[in-house]
Amino acid sequence: MDLLTALRRPRRDGASAALQPRRDTASVALRPEQDGAPAALRPAPAGGRALPRAGGAAGPALRAVLGAVARRALQAVLLALLVGLLCFFLLRLLPGDMAYRIAAGRYGYDMVTAAAAEAVRAELGLDRPWAAALADWWGRLLRGDLGASWVSGDPVAEEIGHQLGHTLRLAGGAVLLSLAVGPPLGLLAGLRPGGWLDRATLAAALALRALPPFVLGLGLILLFSVRLGALPAAGHGGAGSLMLPAATLALGLAALSCRVTRDAMRSVARSPYYAFARTKGLGARAALLRHGLRNVGVPVVAYLGVQLAFLVEGVVVVETLFAWPGIGHALVHAIFGRDVPMIQGTAMAMGLLFVGLNALVDLACLAIDPRRRRAA
């Protein structure tokens with residue numbers, strides 16, 4: 001009887017927590033906390049206006065963007081001054097008569113005379129002290145005046161503006177073509193490391209990086225222009241004339257981006273979060289699209305800034321090889337003619353182009369990776 005009474009009697013002291021009503025902790029998830037609750041759940045003050053959010057998502061992102069732009073702007077100014085200064089001194093240290101070379105650029109090597117060279121020397125003030133010439137160039141640069149070409153007489157800014165469009169067209173085509181070839185092959189090689197595609201892309205990347213751009217360009221000319229006759233060897237008439245110079249630059253860029261993408265994809269595929277995505281039921285394609293591509297894109301885009309040095313370097317060689325009327329082609333001709341204002345202007349434009357492209361890479365990394373925005 002005592003046993004039956006004990007079993008029928010409700011437990012008041014040690015009853016299960018699941019059977020006892022929750023009195024003082026009910027609706028905890030719906031009750032806004034006074035101290036650490038989000039701003040959307042905090043009670044409004046007495047005046048009826050909601051409290052503003054402390055900080056926000058746009059604050060760190062804006063600071064990160066402004067910081068990246070400010071750093072690159074400072075680099076652009078310092079780079080322009082340093083490049084102009086080095087060009088000024090290096091050209092005056094070259095052997096030979098500068099006035100004679102400028103006169104030869106104006107009138108041709110067969111028509112130049114000593115009298116023409118002396119007239120050029122007096123016209124341009126080449127016999128002035130270096131300090132006076134440098135001070136004059138600094139003054140014009142501070143006013144935004146790059147001067148006029150010593151050979152053609154045209155304003156340097158107009159010449160650069162005309163040539164910059166061709167260079168950007170070539171560089172843009174090379175980057176797009178490299179991104180269409182390198183990263184997709186790198187993704188496939190990274191998903192199956194050690195396979196035949198991984199070994200083949202490694203061998204191709206080593207071969208393409210070992211070849212200088214002018215050797216690779218000559219090989220493409222011999223194959224597609226001389227032997228097959230499919231593409232023009234030089235000029236800038238149409239879209240076909242862009243293919244060979246863009247491919248010459250793109251193959252070297254694709255070799256690097258392929259290996260960087262392969263290593264990044266291999267690291268992501270071995271990560272715990274990618275393994276958890278597959279464990280919870282996502283297929284290979286869904287896991288790659290949701291969790292793989294964005295994490296792979298961070299190092300690929302970051303390394304693109306390193307590849308831009310190869311791009312700017314290759315532009316000079318490739319434009320000269322294919323007679324492409326860009327900044328690199330103009331720089332080579334200006335060096336032969338000792339056209340100092342043109343050399344300074346084109347060199348500064350290429351340096352600023354490099355800094356500007358790196359600034360775009362920084363902004364792309366901030367857009368892809370939220371950790372960089374929070375760390376700024």
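Listing for the model above:
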{"item": "Whole-Å semi-axes of the ellipsoid equivalent to the range 223-376 (Cα gyration tensor, √5λ, descending)", "result": "40, 22, 10"}
{"item": "Dipole in debye (nearest 20) - the range 278-376, about Cα centre, beta carbon charges: Lys, Arg +1; Asp, Glu -1", "result": "1000"}
{"item": "Computed over the range 65-153: relative contact order in percent, which uses C-alpha pairs under 8 Å that are six or more apart", "result": "24"}
{"item": "Computed E for Leu66/Tyr273 - FRET, C-beta separation, R0 30 angstrom, nearest 0.05", "result": "0.45"}
{"item": "Relative contact order (percent, whole number), the range 162-310, Cα cutoff 8 Å, 6+ residue spacing", "result": "32"}
{"item": "Dipole axis of the range 60-178 (+1 Lys, Arg; -1 Asp, Glu on Cβ), positive-most option in Gly139, Gly67, Ala99", "result": "Gly67"}
{"item": "Nonlocal amide H pairs with Ala148, under 5 Å, H built at 1.01 Å", "result": "Val156"}
{"item": "Rough spin-label spacing in nm, given labels placed 7 Å along Cα→Cβ, for Gln75 and Ala323", "result": "3.7"}
{"item": "The range 248-363: relative contact order as a whole-number percent, Cα under 8 Å and 6+ apart", "result": "25"}
{"item": "Inter-label distance, nm, simple model (7 Å from Cα along the C-beta direction), Ala122/Asp110", "result": "2.8"}
{"item": "Viscosity 1.306 mPa s, 10 °C: Kirkwood-radius Stokes-Einstein D of the range 194-297 over Cα pairs, µm²/s", "result": "97"}
{"item": "Top positive-direction residue, dipole computed over the range 96-202 with Cβ charges, set Leu202, Ala119, Val151", "result": "Leu202"}
{"item": "Cα→Cβ-extended label distance, 7 Å offset, between Leu360 and Arg209, nm", "result": "2.4"}
{"item": "Sites Arg227 and Ala309, calculated FRET efficiency, Cβ-Cβ separation with R0 41 Å, nearest 0.05", "result": "0.80"}
{"item": "Signed unit charges on C-beta, dipole axis of the range 243-376, positive-most listed residue Leu251, Gly356, His291", "result": "His291"}
{"item": "Net charge dipole size for the range 98-232 [Lys, Arg +1 and Asp, Glu -1 on Cβ; Debye, nearest 20]", "result": "660"}
{"item": "Value of Rg to Rh for the range 179-225 (Rh from inverse mean 1/r over Cα pairs, i.e. Kirkwood)", "result": "1.09"}
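We did not get these values from a lab; they are worked out from the coordinates using the rules stated. Keep in mind it's a predicted model, so treat the numbers as computed, not measured. Using ideal geometry, Cβ is built from the backbone for each residue, glycine included, and neighbour counts are taken over all protein chains shown.
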